[in-house]
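The values are calculated or read from the model by the stated rules, or taken from the named source; none is laboratory data. Please read these numbers as outputs of a predicted model, since none were measured by experiment. Cβ atoms come from the backbone with ideal geometry, glycine included; neighbour counts cover every protein chain shown. Accessible surface is based on the protein model in full, side chains and every heavy atom, while ligands, DNA and RNA are left aside. Shrake-Rupley method; radii C 1.70, N 1.55, O 1.52, S 1.80 Å.
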Amino acid sequence: MKDTPLSNCERDFLLKAIEEKKRLDGRQTYDYRKMKITFGTDYGCCFVDLGKTRVMAQVSGELVAPKENRPNEGIMFFNIELSPMASPAFEQGRQSELSVKLNRQLERCLRNSKCIDTESLCVVSGEKVWQIRVDVHMLNHDGNLMDAASIAAITALCHFRRPDVGIQGDEVTVYTPEERDPIPLSIYHMPVSVSFSFFQQGTYLLVDPCEREERVMDGLLMIAMNKHREICSIQSSGGIMLLKEQVMRCSKIASVKVSEITELISKALENDKRARKAGGRCGFAESMPQERITALKMDKTSVEMTDVSDRANDIVQKSEAPPQTVPSPVVPIPGVGQVGQGLQNTWGLEDDEEEENGEEQDEKITEMEEEQHEKEESRGGDVVEISDSEEEEVVILHPETPDKTPKNTGSSFHQKMAATSKKRQKK
């Protein structure tokens, strides 16, 4: 599933705001988003929140055979998983171009920089070494995944403790944490990646771009550096030409940011170590009562609930009684039925009116027939026979003498009889 593309209005708005040195979340040009580092219950589990971007890193270790060309060194393996939970654009079980790019950059940042002493991971030369695996899971994507992944990975490596190992002859014994204290990894330095996004062909520069800013940027520069101002890796993408002055400027900014992030990591590790030593709650046990496991938790709003019932009773007493509703008079309309409390039931009203009108017309017709019959008897004229059969009406008319009866009366009488027959057929 592809991401919803930005509209032209959103793109123009973002670029115009960047030209005026403004950002969507109110940050300055070189400001990072709020960063938070937490740890899980086990050693080697780390969560990093960079704004709304949330990343989890888990470190694990196992004894394996070493590589033939490096028999005295341990193995470092990095894996970044972009799950659909982080963004709808990520597909499950399929490596995208972004995941391959992040994997390579993370390997350059941590493994190629020799930040970990791999020789200390050797147990038996040429036979048994420790393989350290770092799995980075993206829980929520809101931009700058590389910085969050590098911080989470190096923090998890510093927090990880491998089991102690004993060797007796050819036998290798791995001790549990209850038998012997686990041993931390030997880490020389902590490289951290800092991302810079360029706009308008390198005219404008931003640090820590969010997801919308990444969509409109022209290029990206990622610099991995430690607090000693040693550049571990540098990578440029996007196809823009950067000047020497721009790269030097970014490296100076990165050195300041890396020192701040390294200090934050050290404080988080120290606080976790103090909490575990004191036997207090740490990891998930600390986060569950405060409901801090969720990625996008909103802080609770303080509401005073002590005198709610008293205030509600005062409001009810002071309020006026609602007026009694009187149903409005309803004028029945032909073809409309009304049913309800206070309303006149008009269902079947139209049929009743039709029946009454039909009865009145039948009475008028019978009176006219009687009058006509009396006139004919008095004149001794012709007889009109009317058959009342259920199937159809048959009217037998005998010829009239032109001298006795006028033509108008005969035609009007025929019309009345035809109308009567039609109404009876309808009923």
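Each residue, Glu68 and Ser237, gets one label point 7 Å from its Cα in the Cβ direction; the gap between the two is 3.4 nm. Taken one residue at a time, the phi angles of region 22-27 give Karplus couplings (6.51, -1.76, 1.60, θ = phi - 60°) of 10, 10, 5, 8, x, 7 Hz. Gly and Pro are set to x. Taking every protein chain into account, the accessible area of region 134-251 amounts to 44 square angstrom per residue (probe 1.4 Å).
Once both labels are positioned 7 Å from their Cα atoms along Cα-to-Cβ, the gap between Met248 and Tyr204 label points is 2.6 nm. Treating r as the C-beta distance of Ser266 and Asp12 and R0 as 41 Å, the FRET efficiency rounds to 0.45.
The packing ranking, built from the mean of other Cβ atoms within 10 Å per residue, places the peptides 144-157, 49-62, 207-220 in the order 144-157, 49-62, 207-220, highest first.
Along the axis of the charge dipole computed for region 26-258 (Cβ charges of +1 for Lys and Arg, -1 for Asp and Glu, origin at the Cα centre), the listed residues Met190, Met248, Leu121 are led at the positive end by Met248. Pairs spanning more than 21 Å between alpha-carbon atoms, out of Lys227/Lys267; Lys67/Lys128; Lys52/Lys252; Lys36/Lys252; Lys101/Lys128; Lys114/Lys244: Lys52/Lys252; Lys36/Lys252; Lys101/Lys128; Lys114/Lys244. Taking amide H as placed 1.01 Å from N in the peptide plane, Asp31 has its amide H under 5 Å from the amide H of Val207, each at least 5 places away in sequence or on another chain.
Take every pair of alpha-carbon atoms less than 8 Å apart whose residues are at least six positions apart; their mean separation over the length of region 26-258 yields a relative contact order of 21 percent.
Nonpolar atom fraction for region 26-258, defined as the carbon and sulfur part of the 1.4 Å probe accessible area, stands at 47 percent. Positive end of the dipole of region 26-258 (Cβ unit charges, origin at the Cα centre): among Ser233, Thr173, Asn72, the Cα lying farthest that way belongs to Ser233.
Which loop-located chymotrypsin sites (Phe, Trp or Tyr not before Pro) does region 18-49 contain, where loop means any DSSP state but H, G, I, E or B and the Cβ has at most 13 other Cβ atoms within 10 Å? Intermediate results must be reported in sequence, preceding the final value.
Working: sites: Tyr30, Tyr32, Phe39, Tyr43, Phe47; in loops: Tyr30, Tyr32, Tyr43.
Passing both the DSSP loop test and the Cβ count: Tyr30.
Using 0.36 nm per residue and subtracting the Cα-Cα separation, the extra length available between Lys36 and Arg215 on full extension is 62.0 nm. Over what distance in Å are the Cα centres of region 122-180 and region 4-59 separated? Using only Cα atoms, the two centres lie 28 Å from each other. Extension gain for Asp170 to Glu97 (0.36 nm times residue separation, less C-alpha to C-alpha distance): 21.8 nm.
Each residue of region 151-163 was assigned a 3J(HN,Hα) from its phi angle through the Karplus expression (A = 6.51, B = -1.76, C = 1.60, θ = phi - 60°), giving 5, 5, 5, 5, 5, 5, 5, 5, 8, 6, 10, 8, x Hz with x at Gly and Pro. Model label sites at Arg276 and Val256, defined 7 Å from Cα along the beta-carbon direction, differ in position by 3.5 nm. Taking 0.36 nm per residue of separation and subtracting the Cα-Cα distance, full extension of the segment from Glu179 to His228 would add 13.9 nm. Histogrammed with a bin width of 10 Å, the alpha carbon distances of region 125-239 distribute as 11, 30, 26, 16, 10, 5, 1 percent, first bin at zero.
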